[in-house]
Amino acid sequence: MRFPSSRITSRLRASALAALFVPASLLATAAPASAEPAPVTISYADCPAAPPAVGDPSEYICEVFVLASGNMRFGRIDQPIDQPITMTALAHIDPKTGEATETVLKWRAPQLSVPGGLLGIPGTDSLSVLKLKATPEYAGNFKWGLAEDNTTLRATVDLRFKVGNLLLPGTCGIGSATDPIKLNLIIDPKSLKLYDGDILGGTVSDNTFAVPATSGCGLFGPLADWRSGVPSAGGQNSTTQQMYLGAKVYGQGVSKTAVPGLSTLMADRRN
């Protein structure tokens, strides 16, 4: 995503950074700011206390994304996302080109229980040997901003699911570092909402991604593929999740660890 270099001044860098959240073309469709508290807590513990010692501190922003709820369907799996997944990333806008780049700092994901367990039969997962767990792991390619059409706000991210069961080796997973699940999450502009405490919420979804076969499952690979129903071609899978976003902006003539209000940045962006 690029911004005209003439707009990247020390006074307006924060406004340009705000476009990482909601581009001007979409602000008109966002719900007005609400005093309602956000359903999640945004923690900046994984953000650096100060940005890299390169360039102006106000060119950097630490973003915290929380996928709080939703589900992912593929093959024979209908996996609820019933525990939050948190990703912290450091964004930098080049003052000369206006180019925004993202660096993922931390990925925190829970171990999710797969309904139906190893056999896919409800109730059988009460037995320890038949319990099946899936842990989402970050596999790269995170980008956040406007798509090529300059109107669609999206986030891309590659995932792998680590699969856990007493019969499976610890290396077993759906997808791999070289053949991951590639999500292209589209953000519904009508769902955008700014909560009290400067947290932005919205619904993200993708129904185009493909899911590769399992890997690292050893002799149980065929069983893992059969249970999961993978590989599963693009167009046969879907995910919808509720995302929340908070930001820690550096510099701007204040303490480097201060967190200026996101609502203020958005107001500046509107102007």
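The values are calculated or read from the model by the stated rules, or taken from the named source; none is laboratory data. Note that the structure is predicted; figures quoted are calculated from it, not measured. Quick reminder, even Gly has a Cβ in these numbers, built from the backbone with ideal geometry, and neighbours come from all protein chains shown.
Answer with yes or no whether Asp198 is modelled with pLDDT of 85 or more and of a type in the set (D, E, K, R). Criteria not met by Asp198. State whether one or more residues within the stretch 104-126 are in contact with a strand residue (DSSP E or B) (Cβ under 6 Å, 6 or more places away or on another chain), of a type in the set (D, E, K, R) and at pLDDT 90 or above. Yes, the conditions are met somewhere in the stretch 104-126. Within the stretch 127-166, restricting attention to residues that are assigned to a loop (DSSP other than H, G, I, E, B), in contact with a helix residue (DSSP H, G or I) (Cβ under 9 Å, 6 or more places away or on another chain) and modelled with pLDDT of 90 or more, the residue that is farthest from Tyr244 (Cα to Cα) is Leu166. Answer with yes or no whether Gly234 is at pLDDT 85 or above and within 22 Å of Gly140 (Cβ to Cβ). Against the criterion (at pLDDT 85 or above and within 22 Å of Gly140 (Cβ to Cβ)), Gly234 qualifies.
Tyr195 fulfils the conditions (1) touching a Cys at 6+ places or on another chain (Cβ under 8 Å); (2) closer than 30 Å to Tyr44 by Cα except for a single criterion, (1).
Out of everything in the stretch 71-103 that is part of a strand (DSSP E or B) and of a type in the set (Ser, Thr, Tyr), what residue ends up being modelled with the lowest pLDDT? Before you say what the answer is, go through the steps one by one.
Here is the first cut: in the stretch 71-103, the residues part of a strand (DSSP E or B) are 71-74, 77-81, 85-93, 100-103.
With of a type in the set (Ser, Thr, Tyr) added as a condition, the list becomes 86, 88, 101, 103.
Details: Thr86: 98, Thr88: 97, Thr101: 85, Thr103: 94.
This residue is Thr101.
Out of the residues in the stretch 196-235 meeting the condition of being among the polar types (S, T, N, Q) and not in a strand (DSSP E or B), tell me which one is surrounded by the most Cβ atoms within 10 Å (Cβ to Cβ). Here the residue is Ser228. Scanning the stretch 182-203 for residues that are in contact (Cβ under 8 Å) with a residue 40 or more places away in the chain and under 30 Å from Pro222 (Cβ atoms) turns up Lys182, Leu183.
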